[in-house]
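Each reported figure results from applying straightforward, stated rules to the coordinates on display, with no laboratory input. For clarity, every value in this text was computed on a predicted model and none was experimentally measured. Here the Cβ positions follow ideal geometry from the backbone for every residue, glycine too, while neighbour counts run over all protein chains shown.
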Amino acid sequence: MDKIQINGGRRLTGEVTISGAKNAALPLIASSILVNGKSTFTNVPKLMDIVSIKKLLEDLGAGCTFENSTLTVDGAGIHKIEAEYELVRKMRASILVLGPLVARFGHAKVSMPGGCAIGARPVNMHLSGLEALGATISMDHGYIEAKADRLIGNDIYFDIPTVTGTENLMMAAVLAKGASTLRNAAREPEIVCLADALTQMGAKISGAGTPIISIEGVDHLTPASVNVIPDRIEAGTFMVAAAATRGDVVVKGCIPDHIGGIISKLKATGATIEIAGNQVRVKGSDIIKSVDIKTQPYPGFPTDMQAQFMALMTIANGNSTIHESIFENRFIHANELLRMGADISISNGNYAMVRGKDRLQAAPVMASDLRASASLVIAGLIAEGTTLISRVYHMDRGYEGIEKKFSSLGADIRRIQ
Ligand code: EPU
């Protein structure tokens, strides 16, 4: 299995270009199930999660090609409505095929995603939403089965904003008969990207990006060509790495408006941020001020940036409190950071107190999930000595060519086998 080796201590300098967003691409690709024709997606990142959803769609019968960041999916060939365990277990986001399959074919069977390193991650709101649209849901031997002659529009209220839940229900409601309203919907930019794509396909949606999304169902959708938005979490990861190494990095091809929370918190650490069009320059400060964060649904500080920010706070001047409010078990990286000499204590499961130190020391560490792996890379970049990160397959699920991008910024980082 591949490992990442980092000789720490180098300032990052230069320019890096951000790839398309994994979490925007996945629902877009799932939306092609709704269409009896060929959908085209550009700026698709080359990642394991994309390979996983492509395999899943091919297994359903779709014809897919993926070349030079362009993925085409021909939904005309779909003849199977069952997403099998072997494919779903590789990626929880496979649940995104449930809404579109039942909307187009009136029947879907999707392996129930299991727990995950960062939390239990139930899908109850996806299922109760589909029931509200008239689907009959049953569970059988680890599979969720949803059936409906035709979905019927309805009011759906989410107890808490759920990103993939909102996406699944949007994709279901666009082909339902009549009007639907999604209340307390997630507002992430990825939701807006999906709504824009569905609108291009002929769907009638308003309010995406706000907590209330209104959808008027249509009888069918037509193929569209959609560009994936830049990955705001990849952008944030490079920005935090720039601040942590006291570097000077221009992050190109991002949408600064999508990373407002991260920019504010980085400014509070003393970093200088310059925004010009689609690029953000981060100049790290010699003295990194400690800053408290609380993860929240968009536009709050993203849970997907919590681990990376914690790595930065390990070398801040002072103490910072990190409150993870989205997932119940998203501090596994803290134990690995402790092995690198960080001073972190966790209380009540969801609060971390990080007491800043002058430096971290390199150590062999293990990635436990995608964003934890990015946090360990940042820690390796600032630590004294050679850090070896194992289980980097987690990182390959969501960061395109990360070691090449960091190398181009002057990091001493390589993949070893
Ligand atoms: N939740 C429920 N019931 C549900 C759905 C969610 O209780 O039916 C809870 C979750 O357990 C969690 C909260 O609601 O406590 C929010 O979870 P959400 O459903 O929004 O998460 P998700 O849709 O499964 C997406 C991203 C995650 C990201 C979260 C939060 C994709 C494919 N995944 O997950 O991304 O952390 O939103 O922003 O979009 C990552 O990229 O590393 C990643 C984990």
Worksheet item: If you stretched the chain out fully between V218 and M1, how much longer would it get, using 0.36 nm times the residue separation minus the C-alpha to C-alpha distance?
Response: 73.3 nm
Worksheet item: With contacts defined as alpha carbon pairs under 8 Å and 6 or more residues apart, what's the relative contact order of region 210-341 in percent?
Response: 21 percent
Worksheet item: Roughly what % of DSSP beta bridges within the chain run antiparallel, to the nearest 5?
Response: 70 percent
Worksheet item: In terms of the Cα gyration tensor, with a ≥ b ≥ c the square roots of its eigenvalues, is region 273-417 rounded because a/c is under 1.5, prolate because a/b exceeds b/c, or oblate?
Response: rounded
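Which of the peptides 28-35, 386-393 is most tightly packed, and how do the rest follow, going by the mean number of other Cβ atoms within 10 Å of each residue? Before the final figure, lay out each step's value.
Details: 28-35: 26.9, 386-393: 18.8.
The most tightly packed comes first, giving 28-35, 386-393.
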Worksheet item: Just how large is the dipole of the chain about the Cα centre, in debye to the nearest 20, putting +1 at every Lys and Arg Cβ and -1 at every Asp and Glu Cβ?
Response: 800 debye
Worksheet, complete the sentence: Taking only the alpha-carbon positions of region 13-60 as identical scatterers, the Debye log10 I(q)/I(0) at q = 0.17, 0.18 Å⁻¹ comes out as -0.53, -0.58
Worksheet item: Residue-wise, which Karplus ³J(HN,Hα) couplings in Hz belong to region 135-146, taking 6.51 cos²θ - 1.76 cosθ + 1.60, θ = phi - 60°, and x for glycine or proline?
Response: 6, 9, 10, 9, 10, 8, 6, x, 10, 8, 10, 10
Worksheet entry | Label point at N278 placed 7 Å out along Cα→Cβ; residues across region 1-36 whose backbone nitrogen lies under 15 Å | 16-21
Fill in: Check: region 290-399 dipole with +1 on Lys, Arg Cβ and -1 on Asp, Glu Cβ, in debye
60 debye
Practice prompt. Please state the charge dipole magnitude for region 70-155, taken about the Cα centre, from unit charges on C-beta atoms (+1 on K and R, -1 on D and E), reported in debye and rounded to the nearest 20.
Written response: 200 debye
Item to complete: Work from the charge dipole of region 1-152 (Cβ charges, +1 for Lys and Arg, -1 for Asp and Glu, about the Cα centre) and give the residue of S52, C116, L96 farthest towards its positive end.
Response: C116
Discussion item. With angles folded into 0 to 90 degrees, how steeply does helix 48-60 sit against the dominant principal axis of the chain? Use alpha carbons for both and round to 10.
Written reply: 10 degrees
Worksheet item: So for the chain, Kirkwood radius off the Cα pairs, Stokes-Einstein at 10 °C and 1.306 mPa s: how many µm² s⁻¹?
Response: 73 µm²/s
Worksheet item: Using alpha-carbon pairs under 8 Å, 6+ residues apart, how would you state the relative contact order of the chain in percent?
Response: 21 percent
Item to complete: May I ask for the distance between the Cα centers of region 284-304 and region 333-388, given as a whole number of Å?
Response: 16 Å
Discussion item. As I understand it, the dipole of the chain uses +1 on the Cβ of Lys and Arg and -1 on the Cβ of Asp and Glu, about the Cα centre. Which of M1, V291, C193 lies farthest toward its positive end?
Written reply: V291
Practice prompt. Return the calculated 222 nm mean residue ellipticity for the chain, to the nearest 500 deg cm²/dmol, obtained by summing -39500 (n - 2.57) across DSSP H runs with n ≥ 4 and dividing by the residue count.
Written response: -9000 deg cm²/dmol
Worksheet entry | Cα gyration tensor shape of region 122-183, rounded if a/c is under 1.5, else prolate or oblate by comparing a/b with b/c | oblate
Worksheet item: What is the distance in Å between the Cα centres of region 77-132 and region 160-227?
Response: 17 Å
Worksheet entry | V102, V240 arranged by Cβ crowding within 10 Å, fewest neighbours leading | V240, V102
Discussion item. What distance in nm separates the two pseudo spin-label positions at S264 and R92, each 7 Å out from Cα along the beta-carbon direction?
Written reply: 2.6 nm
Discussion item. Multiplying the sequence separation of R150 and S138 by 0.36 nm and subtracting their Cα-Cα distance, what value in nm do you get?
Written reply: 2.6 nm
Practice prompt. Can you put S375, S285 in order of Cβ neighbours within 10 angstrom, beginning with the fewest?
Written response: S285, S375
Item to complete: Only Cα pairs under 8 Å and at least 6 apart count here; give the relative contact order of region 62-161 as a rounded whole percent.
Response: 22 percent
